[in-house]
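Each value in this text was obtained by applying a stated rule to the coordinates, not by laboratory testing. Just so we're clear, the structure is a prediction, and the values are computed from it rather than from any experiment. Cβ coordinates were reconstructed from backbone atoms using ideal geometry, including for glycine residues, and neighbour counts include every protein chain displayed.
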């Protein structure tokens, strides 16, 4: 991983559909070099995938964040049971007051409440559920990850 790799990642973060030609032109390197670097970053796990950003409200959905306190060492069992809920997009293990945070999509506050009351709170060892409904997402520093990685690379030199 070097500065050129980080520049490629920045470009793709802005638009993962950019062509190799456009990236190579912007960076002043060949398409073959961009292609080789992308293949290497994918193979080495720097790039985990490509995605789009959707607007949940345009899809008739609301996004919520559900924080779960898990008692004991049952976190893996709780995660397995959470997988059964189609509304849950992802689960993050975290340090803090809660062990897990779930990103969820529901049709309404009522369906969010039902998900929590009828399913999540019935999972053994789940306690102290807290919910936040996402109103808007504002990117503060889209380059934070790359700036920190660059700083880490300079520290290793």
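One residue is enough: does region 30-50 have a residue meeting the conditions under 28 Å from residue 126 (Cβ atoms), out of contact with any strand residue (DSSP E or B) (no Cβ under 7 Å at 6 or more places or on another chain) and surrounded by 12 or more Cβ atoms within 10 Å (Cβ to Cβ)?
no
How about region 1-61: which helices (runs of 4 or more DSSP H) wholly inside it have at least 3 residues that are over 23 Å from residue 148 (Cα atoms)?
20-27, 31-43
Just checking, how many residues over region 130-157 are within 21 Å of the chain's Cα centre (by Cα) and either surrounded by 14 or more Cβ atoms within 10 Å (Cβ to Cβ) or touching a residue at least 40 places away in the same chain (Cβ under 8 Å) (or both)?
So the count comes out to 10.
Output the residues belonging to region 76-90 that are part of a helix (DSSP H, G or I) and surrounded by 16 or more Cβ atoms within 10 Å (Cβ to Cβ).
Within region 76-90, 78, 79, 81, 82 meet the criteria.
Scan region 40-70 residue by residue and report those that are free of Cβ contacts under 8 Å to residues at least 24 places away in the same chain and within 14 Å of the chain's Cα centre (by Cα).
48, 49, 53, 54
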